[in-house]
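The values are calculated or read from the model by the stated rules, or taken from the named source; none is laboratory data. What you are looking at is a predicted structure, and each value in this text was computed from that prediction instead of being measured. All Cβ positions, even for glycine, are placed from backbone atoms using ideal geometry, and neighbour counts span all protein chains on display. Accessible surface is based on the protein model in full, side chains and every heavy atom, while ligands, DNA and RNA are left aside. Shrake-Rupley method; radii C 1.70, N 1.55, O 1.52, S 1.80 Å.
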Amino acid sequence: MTTNGLWEERWHPLRQEWVIVAAHRQQRPWTGETVAASAPKKIAYDPTCYLCPGNSRVSGAGNPPYESTFVFDNDHPCVGPLAPRDLAAPPPPYRVQPATGQARVVCFSPRHDLTLAEMSPTAIAEVVEVWRGQTRDLGGQPGVRQVLCFENKGEVVGVSNPHPHGQIYATGFVWKTMETELEASIRYQQETGRGLFDDAIRAEQTDGRRVLYEDERVIAFVPYFARYAYEVYLAPKRRVAHVHALDDEEAAALAAALKDVTTRFDRLWGISFPYVMVLHQAPTDGDVSAYHFFISFHPPLRQPRLLKYLAGPEIGGGNFLSDTSPEATAAELRAASAARPAAPAAPPVASPV
């Protein structure tokens, strides 16, 4: 057995847990399942797609002929206002409550064949504006304690439709990840007088090797404690708790950084890179001044056709085992920045018959 490569434990201060980084395992023999390469269907309009403009959805509702972004209530929501209220009480220690809330779908573009990486900075800025407006709207509604915005991209993460879209959940509970992040941030500020994510940004700037993109207002980096091989954090430098608290210049900078990061992903191996993208926002109530809004990307691939599988350490033990070095994968993404491909020309979107 060789021990070449990084082999250590790194503390994840936001999740309050250790990550085992065993980069020498990346080259271990593999005879298990691999991901088959698939060529996406590249058509601007798909008459069978329930997200394309003008088409009907399973609920019977028709999409308008939208030309930029489009938001609608999810036809198959995980939480909703019609969730049953009359629930049988289970015996202790169990508890139950209605799965009330709101679930919405955000179509990023009318074009069926685009991804964020292929959209123009102006079009991505429109998506950011949707996140800002939806977070403000849903977060202000009675009973909503948190707004979760995310995108699942690629077949290997289970996306149900390739049309560029994300989802928004407004729930009566706080999501566990953000609850832990808020508690860690409050405790760190009480103990040090400084912001936890502020210090993480400074640490990344000081090291420099993992920084992918930086301007006056935002920064993107592979975190020191990355759990997934090509995990990336994108954050405003000014601490705000929610995306709607960004000023217009910061929102525009965020859109430009989203374009840069997603383009790097696609250029890395010349594929439409799969990932789960999550907007980490604070709860809607209480003292959240210690919380720092950011966006995380969790790509499931650790090699071009090889998934990072969650197995015994992650599912059973509850801590991640990373097979790659954050410094090495950041170097790959840094090198993938040159000569970005131009966004596809915009052919006319066919009108449904």
* Structure fact -> Share of accessible surface on carbon and sulfur in the chain, whole %, 1.4 Å probe and ligands ignored, is 54
* Put +1 on the Cβ of each Lys and Arg and -1 on the Cβ of each Asp and Glu in the chain; which of Tyr50, Ile219, Ala235 then has its Cα farthest toward the positive end of the dipole? -> Tyr50
* Asked: Along the charge dipole of region 74-195, which of Trp175, Tyr188, Gly139 sits closest to the positive end, that is, farthest toward it, with unit charges on the beta carbon of Lys, Arg, Asp and Glu (+1, +1, -1, -1)?
  -> Tyr188
* Surrounding net charge for Asn74, when Lys and Arg each add one and Asp and Glu each subtract one, Cβ distance under 15 Å -> -1
* Length added when fully stretched, Ala328-Gln167, from 0.36 nm per residue minus Cα-Cα -> 54.8 nm
* To do: Find the all-direction average of the projected area of the Cα convex hull for region 42-172, expressing the result in square nanometres with one decimal place.
  => 9.9
* What does the highest-first list of 140-147, 99-106 look like by mean Cβ count within 10 Å? -> 99-106, 140-147
* Structure fact -> Note: probe point = Cα of Val156 + 7 Å toward Cβ; backbone nitrogen < 17 Å; residues of region 88-123 passing the test are none
* Given a Förster distance of 22 angstrom, what is the FRET efficiency for Leu82 paired with Val58, based on the Cβ-Cβ distance and rounded to 0.05? -> 0.85
* Asked: Where in the chain are the helices, taken as whole DSSP H runs, whose Cα atoms extend 18 angstrom or more along the long axis and whose Kyte-Doolittle mean reaches at least -1.0?
  -> 121-139, 248-269
* Listed residues Tyr94, Tyr224 arranged by accessible area, highest first, probe 1.4 Å -> Tyr94, Tyr224
* At 0.36 nm per residue, minus the direct Cα-Cα distance, what do Glu17 and Glu249 gain on full extension? Give it in nm, one decimal, please. => 80.1 nm
* Mind listing the long-range amide H neighbours of Phe294? Cut-off is under 5 Å, sequence gap 5 or more, other chains count too, H placed in the peptide plane at 1.01 Å from N. => His280
* To do: Please compute P(r) over all alpha-carbon pairs of the chain, binned at 20 Å starting from zero, and give each bin as a whole-number percent.
  => 27, 59, 14, 0
* To do: Quick one: which residues, 5+ away or cross-chain, put their amide H under 5 Å from the amide H of Phe320? H built at 1.01 Å from N.
  => Ile20
* **Computed helical MRE - 222 nm, the chain, DSSP H runs ≥ 4 contributing -39500 (n - 2.57), nearest 500** => -7500 deg cm²/dmol
* Roughly how big is the chain's charge dipole about its Cα centre, with Cβ charges of +1 (Lys, Arg) and -1 (Asp, Glu), in debye to the nearest 20? -> 620
